[in-house]
1. Keeping all protein chains in place and using 1.4 angstrom, which order do 287, 275 fall into by accessible surface area, from largest down?
2. Testing the spin-label approximation: label points 7 Å from Cα along Cα→Cβ at residue 194 and residue 178. State their distance in nm.
3. For the pair residue 170 and residue 218, how long in nm is the line joining their label points, each one 7 Å along Cα→Cβ?
4. Obtain the nm distance between the two label points defined at residue 210 and residue 37 by a simple spin-label model: each point lies 7 Å from its Cα along the Cα-to-C-beta direction.
Amino acid sequence: GAAEAAEAAEAVGPARNNERHLHDATCRAMVESGWAEPSPGGQWRLCGAALLSQYAMLTQALATADRSGYTLLPWPTRAPAGVTQKLRRLRSERGEAEAAGSVNAGWPGCDQACLPPDERAGGPLGALHAAQWVQEAQLPLRYAFVVEPPAGGQGEGGPHFCASEVWTDDGSCWEALRAVAALSVALHAELGIETAVRELHTGELRQTEARALAVESVPRAGASPAGPPVELARAACHEAYVARWLGMRLGSKTLGERQKRYVHTVSARICSPGRCALALAAAHPSRSLPLSLLPRAVGCQSGKDGECLGGATASERS
């Protein structure tokens, strides 16, 4: 209720301020140690030899998702011809006014607040399934992709590894939410980062989220400076909220139907190399951060960065 939301928001406020203080101090240490460099808009990104670790983390994430049955997609996912017209017709029938602006996926008229962050920037659901009927026999649909920073380099920490899933309306999305969080935990364990899963309070949820889980770093024993954990990943179940906005119906068109059925969706940022580096730097007792703290390519026995990974971009590796 309203009282619970107000109490949660009051508890979250100081924690966010503390995290921002730790975040700023750690970012300065990363820049001073050559891990990161400032980028436009007051943000930062990994640079130099730390980029090799970023490529290693994204490569490992892609391999993990592939083994787990995800369909790997390019970024952004482009909508096929006709999707724009279908969405306009759908929203006209529902009496919804078109919002200003457009989405990189190839269809305009989307209120930015009605979609998860990665979907509004070019994710697969709007591009591949907007204004369509999805058969139960097709489900689940599970997509994974690397989200690159916007043009100009803005966007904290660089690329992220994300997933979007489509499920039927029988409640299976709740189990899918826990599964994708567990996948993120397992991936970070392979990268040598200890994590814990926390369910987010009502006041921390975004407009589209019915429930969300955060995968956070676990501070090492005796770590200094002491501070809150770093949110490494976030998974959310949207129930039918996103599907209603995109017109993703479940089943087949039936004359005289009394109740519309929509698919349920789950979205997640499974791994963010920049935030992994932030968590490792925050746990280090010194402001001088050695590159040996960062994860390397899994299975690489060489101590030489150049022998672990080549110089390909994250897009090329995805």
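1. Values: 287 120, 275 45 Å².
From most exposed to least exposed: 287, 275.
2. A separation of 2.4 nm, rounded to one decimal place.
3. 3.5 nm
4. 4.5 nm
The values are calculated or read from the model by the stated rules, or taken from the named source; none is laboratory data. What you see is a predicted model; the values in this text were computed from it and never measured. Methodologically, a virtual Cβ is constructed for each residue, glycine included, from the backbone with ideal geometry; neighbour enumeration extends over all protein chains shown. Protein only, heavy atoms only, side chains kept; ligands, DNA and RNA dropped before computing areas. Shrake-Rupley method; radii C 1.70, N 1.55, O 1.52, S 1.80 Å.
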